[in-house]
Amino acid sequence: NKVWYHVKVIYNSNENVLDKQIITFNNKQKDCTLYLTDISLFKVLNSAPNFIYNRDLICFIDCIKYNSNNNILHDLSGNNNDMYLSNIPKKNEDYIYLTNSKIEGFPSNVLNSENFTLVLSINKQENNNQLKSKVEGNLTKENDEFNRILLSVQGNNQYAFEIGILDDYLYLLQNNKKIKSDKPLNYYSKTMVTVLYDGNILNIYNDNLNILSHKIDKIYLNKKPILLNKNKNLDIYLYHIAVYNRIVNSTE
């Protein structure tokens, strides 16, 4: 029969308060018993205060923050892992129309080679045959690789791994191996493509559905940048990029 209160306190600190924090509570009321429960602490971003999943977040790009007068996608995580567009694309309300534009990110070896998570929020138009032909693409003989590459992480002999698109299916590319996703991408509306690597298995989720899970060769990352749309031939809408040096669980 008591009243409970949910109190949220926001404060600034120069310390890494996720490692260790002392909280002092002063009660000036006499003859009063207080019960505290459900105490939690999370870091917030100055530019995205409602984004609470920040543990081991190394890069966070929100295209709603993009200024179309330059080619910089600013990292909101505070780690200075900005990304750079090869040209200034068309900007809409909350996404970038990523056509004829490549994105160069932070060095690939900023990723933890033992476990990491990459999240992309993307979209493409429905019932647009011209766009559909550009997105789907075909196999090319050059280097026996896909021509249409969504994501490239550099390392090993050339690429630690890449993710290509063919007929709306995702393909995991590594060392001349091509592993096809179980289902095609459902990205005619805003959707999330999540790549998780645990040091052995690489999983790809389309929203909450696991569409690819495969063991890959051990990856060795170098200082060359992570690339998105390296061949500038995927006409997709990009909303967000989030990169973690840990495995992000399904509830997050």
Residue match in region 128-146 (condition: modelled with pLDDT of 90 or more, not in a loop (DSSP other than H, G, I, E, B) and not acidic (Asp, Glu)):
no
List every residue pair whose Cβ atoms lie under 7 Å apart, where the two residues are 6 or more positions apart in sequence or sit on different chains, the first residue falls within region 86-103 and is within 10 Å of residue 65 (Cα to Cα), and the second residue, located anywhere, is open to solvent by 40 Å² or more (accessible area, probe 1.4 Å) and among the hydrophobic types (A, V, I, L, M, F, W, C).
94/64
Among the numbered criteria (1) at negative phi; (2) in contact with a strand residue (DSSP E or B) (Cβ under 7 Å, 6 or more places away or on another chain); (3) surrounded by fewer than 14 Cβ atoms within 10 Å (Cβ to Cβ); (4) at pLDDT 90 or above, which one does residue 207 miss?
(1)
Condition (residue is in a strand (DSSP E or B), over 25 Å from residue 45 (Cβ atoms) and of a type in the set (Lys, Arg)) applied to region 228-239: is it met by at least one residue?
no
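Which of the following residues is open to solvent by 90 Å² or more (accessible area, probe 1.4 Å), without any contact (Cβ under 8 Å) to a residue 12 or more places away in the chain and small (Gly, Ala, Ser): 13, 40?
Result: 40 is the single residue among 13, 40 that is open to solvent by 90 Å² or more (accessible area, probe 1.4 Å), without any contact (Cβ under 8 Å) to a residue 12 or more places away in the chain and small (Gly, Ala, Ser).
How many residues are assigned to a strand (DSSP E or B), free of Cβ contacts under 8 Å to residues at least 60 places away in the same chain and of a type outside the set (Val, Ile, Thr) if we restrict to region 197-214?
9
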Out of the residues in region 230-244 that are open to solvent by less than 10 Å² (accessible area, probe 1.4 Å) and at pLDDT below 95, state the one that is nearest to residue 191 (Cα to Cα).
238
Residue in region 211-229 that is most open to solvent (accessible area, probe 1.4 Å), counting only those that are within 19 Å of residue 169 (Cα to Cα) and polar (S, T, N, Q):
213
How many residues does region 155-195 contain that are closer than 20 Å to residue 121 by Cα, polar (S, T, N, Q) and surrounded by fewer than 16 Cβ atoms within 10 Å (Cβ to Cβ)?
2
Over region 79-111, the set of residues surrounded by fewer than 16 Cβ atoms within 10 Å (Cβ to Cβ), over 25 Å from residue 233 (Cα atoms) and under 15 Å from the mean Cα position of the chain (by Cα) is 79
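The values are calculated or read from the model by the stated rules, or taken from the named source; none is laboratory data. Predicted model only: the values in this text are computed from it and were never measured. Methodologically, a virtual Cβ is constructed for each residue, glycine included, from the backbone with ideal geometry; neighbour enumeration extends over all protein chains shown. Keep in mind that these areas ignore ligands, DNA and RNA; they rest on the heavy atoms of the full protein, side chains included. Shrake-Rupley method; radii C 1.70, N 1.55, O 1.52, S 1.80 Å.
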